[in-house]
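Take a look at the structure below.
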Ligand SMILES: Nc1nc2c(ncn2[C@@H]2O[C@H](COP(=O)(O)OP(=O)(O)OP(=O)(O)O)[C@@H](O)[C@H]2O)c(=O)[nH]1
Ligand SMILES: [Mg+2]
């Protein structure tokens, strides 16, 4: 073997080692080291989350969102460990069509809450975010103040191809946020599709954000969403819009009266606000706290949470059964064959389903 000596130095040789080039700063080197550092154990994460450590909270939520089985096992351990410290919060769902001002509203509303001494976590359910990379992340600039607030935590929507999966991850993240000391959890969702129903089933209070339109306010609102709302807030009630917003408020109030009474005994309220001037933001919180006073007094709050827990147990079972079925190696190829056969009318859809299920259970 040819050994390198100082005399026959070659550029390919590193026998004497080389000095770090100046371009690698100590700070960057430290960051890289930290990045490569051993992942904290589940117990470490639990201890840190309970102490209110937001970095540990973020890391644990990342585990929840991972598709790696090992991460998921660890995530489950962390959730289990946090569970006794969770549940002590109010959970508020906020929905509204794109552009209605959800992000701006959450910024103003969240700041109002932290000024009252509350600790606010903002999460999102947005199944489309696998494409748009998280609506909250994209407009963190709209939550400039809240992002910097020590008593706030903002996390963009988990990505995923099924609403059920995204919703489960958000629900688990709620538990971790609560264990971390956040007493007000806001769940944002875009007012399109099925995601409102999923959010409605994980929150205590549901807020529908609207803007005053060209007069016919009720047009285009799905009845189901109106029915879920505990309050309708007409945003952008500023400048020339104030009188239109007031008219819209009357119209919504009238429409809400046509819906059957809520099990909670609560009569939904309509109010106006401006997320920009902050006018009316405190009234929104007043309405929400009135609701909580009522629902806690008449036990609806506690009962609804129990029902939701059962619902989520069933949902999780459904979700996992489906995932297991569709990822089963035998099923994947058999499914493709049967899809073609059904398409070519060689077999009925029911007979094909039977074959697949029988193969799965055998
Ligand atoms: N005048 C006025 N403009 C507002 C108000 N709230 C939001 N806006 C504006 O409306 C636009 C949309 O606001 P966003 O907060 O991004 O709306 P969003 O509902 O989060 O939209 P998506 O994230 O796309 O679903 C922005 O240009 C805001 O500045 C308000 O109270 N008054
Ligand atoms: Mg937004």
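Worth a mention:
Every residue, every condition in (1) within 12 Å of ligand 1 (Cβ to nearest atom); (2) modelled with pLDDT of 85 or more; (3) over 25 Å from residue 52 (Cα atoms); (4) touching a strand residue (DSSP E or B) at 6+ places or on another chain (Cβ under 7 Å), yes or no:
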{"position": "96", "(1), (2), (3), (4)": "yes, yes, yes, yes"}
{"position": "107", "(1), (2), (3), (4)": "yes, yes, no, no"}
{"position": "116", "(1), (2), (3), (4)": "no, yes, no, no"}
{"position": "129", "(1), (2), (3), (4)": "yes, no, yes, no"}
{"position": "132", "(1), (2), (3), (4)": "yes, no, yes, no"}
{"position": "137", "(1), (2), (3), (4)": "yes, no, no, no"}
{"position": "141", "(1), (2), (3), (4)": "yes, no, no, no"}
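- Residue, surrounded by the fewest Cβ atoms within 10 Å (Cβ to Cβ), within region 219-249, restricted to residues that are part of a loop (DSSP other than H, G, I, E, B) and either within 16 Å of ligand 2 (Cβ to nearest atom) or over 29 Å from the mean Cα position of the chain (by Cα) (or both): 238
- For residue 309, the conditions (1) crowded, with 16+ Cβ neighbours inside 10 Å; (2) under 24 Å from the mean Cα position of the chain (by Cα) are fulfilled apart from (1).
Yes/no per residue for (1) in contact with a helix residue (DSSP H, G or I) (Cβ under 7 Å, 6 or more places away or on another chain); (2) touching a residue at least 40 places away in the same chain (Cβ under 8 Å):
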{"position": "245", "(1), (2)": "no, no"}
{"position": "251", "(1), (2)": "no, no"}
{"position": "258", "(1), (2)": "no, no"}
{"position": "267", "(1), (2)": "no, no"}
{"position": "273", "(1), (2)": "yes, yes"}
{"position": "278", "(1), (2)": "yes, yes"}
{"position": "281", "(1), (2)": "yes, yes"}
{"position": "287", "(1), (2)": "no, yes"}
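- Taking region 250-284 as the range and being surrounded by fewer than 18 Cβ atoms within 10 Å (Cβ to Cβ) and within 16 Å of ligand 1 (Cβ to nearest atom) as the test, the residues that pass are 276, 277, 278, 279, 282, 283.
- Residues in region 101-123 that are in a loop (DSSP other than H, G, I, E, B) and within 9 Å of ligand 2 (Cβ to nearest atom): 101 alone.
- Residue count for region 313-362, restricted to those that are outside any helix (DSSP H, G or I) and within 29 Å of residue 72 (Cβ to Cβ): 2.
The values are calculated or read from the model by the stated rules, or taken from the named source; none is laboratory data. In this text the structure is predicted, and so the values were computed from the model without any measurement. No Cβ is skipped: glycine too gets one built from the backbone with ideal geometry, and neighbour counts run over all protein chains shown.
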